[in-house]
Amino acid sequence: MKLFRIGELAKTAGVSERTIDYYTKLGLIAPEERTQKNYRLYSNETLTRLERIVQMKQEKYSLDEIKQSLEKWRLVSTEEQVASKLTTLELHVQQLEREVNELKPLLGEMKPVQARKMMAGLLTKSAGTMEALKILLENTMM
């Protein structure tokens, strides 16, 4: 298992060492162990948790809300986590469908070449995302 020193963790996660210190003091993350020289070492699991915190901060969640959310994730079973995430994904897909429907009239006003170019880029990205979800779900169910 790879363990990160605070500087490595900060660089990998794209945050400052000061942020790591702050999140550790708040109890959002915790070191896996300490070295003989008392350096904190963080696990790959902590990196994943930190990336989730950064994502939630970008989505405008407060640190208290993030802490509550992370605590809920820790307490629920894996099956409940998957079901919850799939429900969230389904809601996101529905939201995207609504947004696409809102764009249809605007696309209709564009020149055909412009509309095809925009849709081609969107469809390529969407297809890649959907394929990744499909692979993830297939691998999970095996």
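The values are calculated or read from the model by the stated rules, or taken from the named source; none is laboratory data. Source: prediction; values computed, not measured. We place every Cβ from the backbone using ideal geometry, glycine too, and count neighbours over all the protein chains shown. Heavy atoms of the whole protein, side chains included, go into the accessibility calculation; ligands, DNA and RNA do not. Shrake-Rupley method; radii C 1.70, N 1.55, O 1.52, S 1.80 Å.
Brief remarks follow.
- Here segment 79-140 was treated as a single set of alpha-carbon atoms; its pair distances binned every 5 Å from 0 give 4, 14, 18, 23, 15, 11, 8, 5, 2, 0 percent.
- Amide H to amide H, with H built 1.01 Å from N, Phe4 comes under 5 Å of Tyr42, Ser43, counting only residues 5 or more places away or on other chains.
- Portion, in percent, of the accessible area of the chain that falls on carbon or sulfur, probe 1.4 Å: 56
- Local electrostatic count, Leu136, Cβ distance below 15 Å [Lys/Arg +1, Asp/Glu -1]: -1
- Over 22 Å between alpha carbons, listed pairs Lys37/Lys67; Lys25/Lys72; Lys72/Lys134; Lys104/Lys125: Lys37/Lys67; Lys72/Lys134
- Against the empirical 2.2 N^0.38 Å (N residues), the chain has a Cα radius of gyration ratio of 1.40.
- Whole-number accessible area per residue in Å² for segment 79-140, which is evaluated in the context of all protein chains at 1.4 Å: 86
- Charge sum, other residues only, whose C-beta stays under 14 Å from Tyr22's C-beta, Lys/Arg counted +1 and Asp/Glu -1: +2
- Pairs of Cα atoms nearer than 8 Å and 6+ residues apart set the relative contact order; for the chain it is 15 percent.
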